[in-house]
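The structure appears below as structure tokens.
Every number in this text was worked out from the coordinates using simple rules, so none of it is lab data. None of these values were measured; they are calculated from a predicted model. Cβ placement follows ideal geometry from the backbone for every residue including glycine, while neighbour counts extend to all protein chains displayed.
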Amino acid sequence: MKGSVYLKKILFGLIALILCFAFFNLFTAKQELQAQERTVAEQTYSDLEKQVLELQQQVFSQGYSYTVKENWVTRLTPAEKQTLCGYIPPKPPAKFISEKISFRPEPNQTKQFKKVALATKYDAMALGLVTPVKNQGSCGSCWIFGAVSDFESDVLIKEGATFDFSEQELGDCNIWARQGGHNFCSGGNSFMTDDYLTKYGGAQETCHPYAAYPQNCLSCPLIKNVNNTRMITGDDGESQSQIEIIKTALLNYGPLQSCMYASGPGFYAYNGGVYEYWGGEEINHAVTIIGWDDTKVHSHGTGAWLIKNSWGTSWAAAGPYPGCAWVAYGSANLGDYTSALAGYQTAGDKIFYHDECGWMGACTGCGSPTAYGAVRFIPESNTSLKAVDFWAVDTNLTYEIKIFDQLHQQGSSYSFSQQIGSTQTGSTNEPGYYSVPLNNPVPLVAGNDFIVQVKFTTTGYGYPLPLDYSNAPWLNWPGIAQFSGESYTSCNGTGYQKPCFAGVGCLDLDIRARAGAGGQPVPLKITTTSLPKAKVGILYGQTLQAEGGTSPYAWSLAAGRLPNGINLNQDGKITGTPEQAGVFNFTVKVKDTLEATDQKNLSLTVEAANPPQPPPVPQLKAPANYSTADSLTPKLEWYAANGATSYGLQVANDYNFNRLVINETGLTETFYLTPAGKLKPNTYYYWRVNATNENGTSNWSIYWRFKTPAGPQPPPVPQLKAPANYSTAGSLAPKLEWYAANGATSYGLQVANDYYFSSLVINETGLTETFYLTPAGKLKPNTYYYWRVNATNENGTSNWSIYWRFKTPAAPSPSIAGWAVIIGVSDYQQINDLSYADDDAQDMYNRLISEGWKNNQIKVLINSQATKTNIKNALDWLKANAQSNDLCLFYFSGHGGHGPDIAPLDEADGQDEYLCPYDSIPNSWANDVRDDELDNWLATLTNKKVIILDTCFSGGFIKTPTLTVKTKPGVSYRQLTDNFTKDIAKAGYETLTASDDHEFSYESSQLQNGVFTYYLEQGLAGGADTNQDNKTSAAETFTYAAPKTAAYTDNQQHPQFFDGIAGEVVVGEK
């Protein structure tokens, strides 16, 4: 039958060699932890400093006021930073194996606390109620530091004494680590710390100093034992409704364990001010809430929590206290899973339990608010039952406790009889662990069993019984928990069954019994019966154990003698380094505070010095820790280990050495020449060495880290030039400029609505200029935009530049007194289609709007809209609306053609020229717009006309890989400008044509436009404004577009211009 686990059980049998290595590892780990807090003089952190400066710029650009600064955390790699955040929230599984098992309800604090007047500020640190800030190092043990911080503050508040409890002992000795193999640096939560502290308690830091990595449990003497915990919030602790609840709990219980999301921008580098982060990520880090201030201002209002972190005092150096921070109410999800250690006592009670893993949130019941749970125990010695402990799974739960002496079995049903002691009832406020003192302690006799029965009633939750069960995939519950056979459940308090579930098996209840002082006194008794052997020259340490009486105990040597070099201390520790072999008999004496004593005869066997040992652990030499190696094939050196015949070497990408790059054994030199190609440039590596001889292999050395130098480099990060940071751009299509980066062959550009660049508006690569002309329509008026640039060459691409922000101006008031008809036909009804003529028209319309033209004074005909009749109607609309001094603009992009001259017979070559509308007919000119017709239509307009024709005549529909000729099929090549433009090459006209009279007019799949139209639009966007007067004339636009069109088409297309208007004709104005 399974018995209880004694609180102070010592793990015997540690051999002296392991103790030596343990002390060595403690020393080196302490050195590493201290190294994290100091500045390494040999290392240059210019890149880090730049990143921190950029981060500060981001913080301020969001309207936040907190400051950031480089510290030991910012120097860690992203993976190392993430390991600091080790709180894993106690979440219910997607589905339990059994429908009779549920997960605890969220705490409902509606009726928990009596309303009290709350001050606007509270600071437990200023009141002297908070112990010093500690450093968890590069280990995800924040969940342990949060619990220990709470525990230390409780003792400080109640006793005025500063205790330094051992986080390492809690990490190594909790059941999940000790029996389940869990690495406490990989994370945990408050359920795990509550189980350990209520079963066992806290030990002094000096007994088991913090190492920031797993070690062996030392079973240190326990000083204080937690007997009450409270769950204040669930996963909504950051909400506004929970602020008053947390404040009240802080006043009731002292500093609180709480959780937050700590991987948001800025928290690793936090230096001072009110931190805020408003993302919705799940919490991942444990801290201690130690105060509040409702007047602290932040971007979302006022009010902030005062927290104590566990990242040392170089973090938050300018915070409210070094190592502490202000965090805005509601931000970073701070407040989730807030809990309190609500009571403790001096360690020494005997705890009877069957729930090895404690409570992890699983519950069972009968589907109604009431259920009964019972557990049976057998004491090993006479004692007195003074309290019953259990987890209350819900808010405002009531309980009824009875103790029975007899258990009866009928088949699979059980019942209890002969109640001993009195029935005791009560209620709880919050969920949590409760130790209920019995009004009348019950004497217990060794070997005589007793049964604790508790009736639980919730306010409506149908699973009131706490179960020792967890199916969390990151914990080894099946490898730890074994059913005791002594837990029972009932729906009515009569017929009890063992709590067994299909697919899970039988589980124990989280009900315990507490025995100790009270009732019949338990005599003082030394429980140590033997001592492990010692070895000459090897440090020895053991602690004598006793029970009963009234602690603390005082130990002394009553008779005999200890070996030379060994001493018995008053606290019961036998320590020292023995100097002689032999068997030494002696008598020890223990005395409690009431002068009760006990004695026991013991012997200590000291063996001769150790047999031949493996070599000592090697010490690393070069490259120096945290340095940059001098090449990509560095020489790794270490000091010779005495007696070593060979060495092993490991180099890895991570400090856990899971991703090995080099793994060598049998090295006979004290150096290693790294082969070429093994290491990547500009990368962090971790390395360590061990030593071997005929007697075995040493432990690995502590690891060192080095960084490889950069290889062939990409260009430097470009520097932005214009628009100036935080300025307002001059137009809705600004010219973005940057300085050339040395060696760059191209550039990338991003423009976004947010500084994370998650909402991109422009994303360009392969830019060969150091500027970018923003296309019309890309940017909205009166809007903030963020932009950045990188540079590329054959060696790679630089980091992005720091971002700059600009604001676009309000939408410009139209300033062009003009009317326009814009036509583009790609999708013809009967003749061959073009690709981009419709895009030409749409882009020209967008550009005119950006350049001050009024939307209601432009008529656009695209594809099927551009029939001959509609074109004539559109020009009639111009005639009807344009005033005598207004500018009229006619733009056409599409097919052209020619046919026999029709009266008036005005063509020297006997051929009329045509523009081909949507309804153009193959081998017929009936629906085409003849030059004479267009002349007549245009002649009736104002005296200031700009005509733009992006079309041509040719012998067929010809395509090249990127260029397409604009021509009507079925006719031979004919020039555009010989006679067609004679009618519009006269006073009152400025005419721009796409090509000369013997050339094609091309459109481009790369430009997604007609070539001529593309450069016209770029010129109007600002490229043509050579005199920088923010006005662009038709002549300036042509002067800009003509040579670029010729260059793009390899001089196959030469645009033409006729100027028949005196003075400048402005077609665009910023």
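Note that the range 566-581 has calculated 3J(HN,Hα) couplings of 10, 10, 9, 8, 4, 7, x, 8, 9, 9, x, 10, x, 10, 9, 8 Hz, one per residue in order, obtained from phi through the Karplus relation 6.51 cos²θ - 1.76 cosθ + 1.60 (θ = phi - 60°); glycine and proline are x. Pairs to check: 944/1031; 621/707; 350/386; 986/1044; 780/1070; 859/879. Give those whose C-alpha atoms are more than 19 Å from each other in this structure. 986/1044, as the Cα separations exceed 19 Å there. Which part of the range 917-951 falls in the paramagnetic zone of residue 877, meaning amide N under 15 Å from the point 7 Å along Cα-to-beta-carbon? The answer is none, because no backbone nitrogen lies closer than 15 Å to the label point. For the range 879-887, the Karplus equation 6.51 cos²θ - 1.76 cosθ + 1.60, evaluated at θ = phi - 60°, returns couplings of 4, 6, 10, 6, 7, 4, 9, 6, 8 Hz by residue, with Gly and Pro reported as x. At an R0 of 41 angstrom, the distance between the Cβ atoms of residue 669 and residue 82 translates into a FRET efficiency of 0.65. Comparing Cα centroids, the range 422-473 and the range 116-160 end up 29 angstrom apart. Taken along the Cα-to-beta-carbon direction at a fixed 7 Å, the label points for residue 621 and residue 726 span 5.5 nm.
A protection proxy built from the mean count of other Cβ atoms within 10 Å ranks the segments 82-91, 441-450, most packed first, as 82-91, 441-450. Couplings 3J(HN,Hα) for the range 64-73, derived from phi with the Karplus relation 6.51 cos²θ - 1.76 cosθ + 1.60 (θ = phi - 60°), are 8, 10, 6, 10, 10, 7, 4, 8, 5, 6 Hz, where x marks Gly and Pro.
Under 5 Å from the amide H of residue 710 lie the amide H atoms of 682, each residue being 5 or more positions distant or on a separate chain, with H modelled from the backbone and absent for Pro and chain starts.
Around the amide H of residue 271, modelled in the peptide plane, lie the amide H atoms of 67, 68, 69, all under 5 Å away and 5 or more residues distant in sequence or on another chain.
Using a simple spin-label model with pseudo-atoms 7 Å out from Cα toward Cβ, residue 539 and residue 241 lie 5.5 nm apart. Taking Rg/Rh (Cα atoms, Kirkwood Rh) as calculated from this structure, the corresponding entry among (i) 1.00; (ii) 1.17; (iii) 1.07 is (ii). Taking packing as the residue-averaged number of other Cβ atoms within 10 angstrom, the listed peptides 398-408, 538-548, 623-633 run from highest to lowest as 538-548, 398-408, 623-633. What shape does the range 349-515 take by its C-alpha gyration tensor, where a ≥ b ≥ c are the square roots of the eigenvalues and a/c under 1.5 counts as rounded, a/b above b/c as prolate, and the rest as oblate? It comes out rounded by the Cα gyration axes. Model label points for residue 765 and residue 656, set 7 angstrom from Cα along the Cα-to-Cβ axis, are 3.3 nm apart. Amide hydrogen proximity for residue 598: with H placed 1.01 Å from N in the peptide plane, the residues at 5 or more positions away or on another chain lying under 5 Å are 590. For the range 419-530, just say rounded, prolate or oblate: build the C-alpha gyration tensor, square-root its eigenvalues into a ≥ b ≥ c, call rounded for a/c under 1.5, and beyond that prolate if a/b exceeds b/c, oblate if not. Oblate. The calculated FRET efficiency for the pair residue 827 and residue 794, based on their C-beta separation and a Förster distance of 41 Å, comes to about 0.40.
The protection proxy used here, the mean number of other Cβ atoms lying within 10 Å of each residue, ranks peptides 568-581, 320-333, 857-870 as follows, highest first: 320-333, 857-870, 568-581.
Placing R0 at 30 angstrom, the Cβ-Cβ distance between residue 740 and residue 783 gives a FRET efficiency of 0.55 after rounding to 0.05. Here the gap between residue 936 and residue 998, fully extended at 0.36 nm per residue and compared with their Cα-Cα distance, gives a gain of 19.7 nm.
The stretch between residue 597 and residue 1064, if pulled fully straight at 0.36 nm per residue, gains 156.6 nm over its current Cα-Cα span.
Every helix of 4 or more DSSP H residues in the chain counts as -39500 (n - 2.57), and over all residues that averages to -4500 deg cm²/dmol at 222 nm.
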